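Notes for the one structure printed next.
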Amino acid sequence: MSDYSPTILQGQQTNDDEILAKTPLDAKALGGDSSVVIMELLQRFKVRDVMKRQVLSIPRKATLREAQRILRENHISGLPVSEDGRLYGIISVNDIINGLDHGWMDDTVDMHMASSLVVLEAGMPISFALRYFNNYTYGRFPVLDSNRQLVGIISQRDVMRALLYELSVEIRKLERKTADKVAQPAPPSETHFFRREWAVVHNDLTGAGRAANEIKQLLREKKVDRSVARRIAVAAYELEINICIHSHGGVLVMVISDNAVTITAKDRGPGIPDIEWACRDGTSTANDWIRSLGFGAGMGLSNSKRVADFFEIESEVGKFTKVTCAFNLKKLEAPAGGTAS
Amino acid sequence: MTIADVVKVLNGKLMAGDGTSPRVVGAVVANDLMSDVLLTDADDVLLLTSLASDQAIRTAHIVGAVGVVIHNAKPLSETMIKVANDLGIPLVSSPLSKYDACVKMHDAFLAEARG
């Protein structure tokens, strides 16, 4: 009658290592140091952090036909049967198919719903939910609070979305840490006395521009001529935005030497098939979302070229794009104490 | 005309930055396309824009703007206000449309020139 097996949640939690070993994100995949972040996420996140809180439901005395309408109109395959927050069962598409087959469509849902349910509690860690998704074939589970009231519903998609988001946040933190490590000044040489590198993350338009702002502040501290500093910052900003919106991510590097400042933007692809076309004013592959943020008018490369004293672009489709802009310094006072900083 | 004068002229409200800055507006740029704003050579720019995002502030910082005015009393995010404070860019919210703000600024400049 129902696709829900008569399993009742016992409530006890099992050993976490066992949970991880049986989930799709198995222990092997989580092995090594890199697993620490994921394991921490699986424990830190609770079901309540991920579940959908707006749950459609239907009362016990509604008919299968009404349930069918709600399922169809909302493109869902299962519907909790609840009253005043108390969960009585679940009516699924399979129950509706059986109802159509046997002529039960005018029966009330409590006659055909699954009433022995597998449920999750809102305070359980996500690792617990993953184990349930792995052990049962259901696509979603109702979520109850400590008073056994229905407070949400959780699907595999909800879990994956939340984990992917949190992982991207963690990866961004790691990238920034890496950038900070790389940002140590290069060994002093005859010409270089300052080098710094910033990681630029794909589609991070909240953070995009931060490197260019820092570059401008650094140039001010280094007493670089104001008009030159502005041109350098403009190129850095345009190139940073380009990496952010057009590439898979990359780095922005500034090198200050005795008589020039060089800004290099290098990304990890996808590369530019037609460089000449890409450098023309007004040509862009940007989408409406990017345009709504004030960019994407196809002026990034041409603006960078316009303000730079030297401009070079290299690209290999599927591999990388590297843009170099160099600026002659009218006046640059070396930091006190020598040529290294 | 300082940022305090701009607030008065545009019936605005200072949302971030130093409202007592002595910097004087040298030119007004009214644009929503940040690549266009980056192209301007003018100094001491006041940026009038409908782009209520962090990027408007970051662009203003790059061109050394005196301040940023957002039109039509558009809601400003907390991050935008934080970025403005961090970068020291006065941020003004005005109920005027971009056109009306441009006209008011033009009139104010004329009045200032006439003494």
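Read-outs: derived from the displayed coordinates by stated rules, not from any lab. Just so it is clear, the structure is predicted and the values come from calculations on it, not from any experiment. So basically every Cβ, Gly included, is an ideal-geometry build from the backbone, and we count neighbours across all protein chains shown.
At a temperature of 20 °C and a viscosity of 1.002 mPa s, determine how fast the range A:111-260 diffuses translationally according to Stokes-Einstein, using the Kirkwood radius over alpha-carbon pairs as Rh; express D in µm²/s, rounded to the nearest whole number.
Rounded, D is 110 µm²/s.
To the nearest µm²/s, what D does Stokes-Einstein give for the range B:1-91 at 4 °C and 1.567 mPa s, using the Kirkwood radius over alpha carbon pairs as Rh? Could you put the intermediate results ahead of the total?
On the way: Rh = 12.6 Å.
For the chosen part, D equals 103 µm²/s.
How many partner chain Cβ atoms sit within 10 Å of a residue's Cβ in peptide B:60-73, on average, as a whole number? If you can, show how the numbers build up before the last one.
Details: counts 0, 7, 14, 5, 7, 0, 0, 0, 0, 0, 0, 0, 0, 0.
Shielding by partners across B:60-73 averages 2.
Provide the net charge surrounding B:A52, with neighbours chosen by a C-beta distance below 11 Å and charges set as Lys +1, Arg +1, Asp -1, Glu -1.
-1
Report the Stokes-Einstein translational diffusion coefficient (µm² s⁻¹, integer) for the range A:49-138, Rh taken as the Kirkwood radius over Cα pairs, at 37 °C with viscosity 0.692 mPa s.
Working: Rh = 14.0 Å.
Once the numbers are plugged in, D ends up at 235 µm²/s.
Per-residue Cβ counts within 10 Å, from other chains only, averaged over B:51-58: what number is that? Can you show the working numbers first?
Details: counts 4, 0, 5, 8, 9, 2, 2, 12.
For peptide B:51-58, the averaged partner shielding equals 5.
Please state, to two decimals, what the Cα-based radius of gyration of the range A:183-328 comes to when divided by 2.2 N^0.38 Å (N = residues).
Cα-based Rg divided by the globular estimate yields 1.00.
Could you please report the charge total around A:L150, scoring K, R as +1 and D, E as -1 over all other residues with beta-carbon less than 10 angstrom from its beta-carbon?
-1
Quick one: give the max-minus-min coordinate of the C-alpha atoms of the range A:61-107 along each principal axis, largest first, in Å.
Computed over the Cα atoms, the extents are 31, 22, 14 Å.
Ranked highest first by average number of other Cβ atoms within 10 Å, how do A:113-125, B:48-60 line up?
On the way: A:113-125: 18.7, B:48-60: 24.8.
Highest to lowest by the protection proxy: B:48-60, A:113-125.
Of the cross-linked pairs A:K216/B:K82; A:K216/B:K104; A:K177/A:K305; A:K223/A:K266; A:K216/B:K13; A:K173/A:K222, which ones have a Cα-Cα span greater than 20 Å in the structure shown? Before the final figure, lay out each step's value.
Working: A:K216/B:K82 18 Å; A:K216/B:K104 32 Å; A:K177/A:K305 31 Å; A:K223/A:K266 27 Å; A:K216/B:K13 28 Å; A:K173/A:K222 28 Å.
Cα-Cα > 20 Å for A:K216/B:K104; A:K177/A:K305; A:K223/A:K266; A:K216/B:K13; A:K173/A:K222; rest within.
Could you point to the residue in A:A278, A:I243, A:V224 farthest towards the positive end of the range A:183-328's charge dipole, with +1 and -1 charges on the Cβ of Lys/Arg and Asp/Glu respectively?
Result: A:V224, furthest along the dipole toward the positive end.
Could you tally the net charge around A:G271, taking each other residue with its Cβ under 12 Å from the Cβ of A:G271, Lys/Arg +1 and Asp/Glu -1?
Value of the local net charge: 0.
Can you give the mean number of other chain Cβ atoms that lie within 10 Å of the Cβ atoms in peptide A:237-243?
Other-chain Cβ atoms within 10 Å of each residue's Cβ, averaged: 3.
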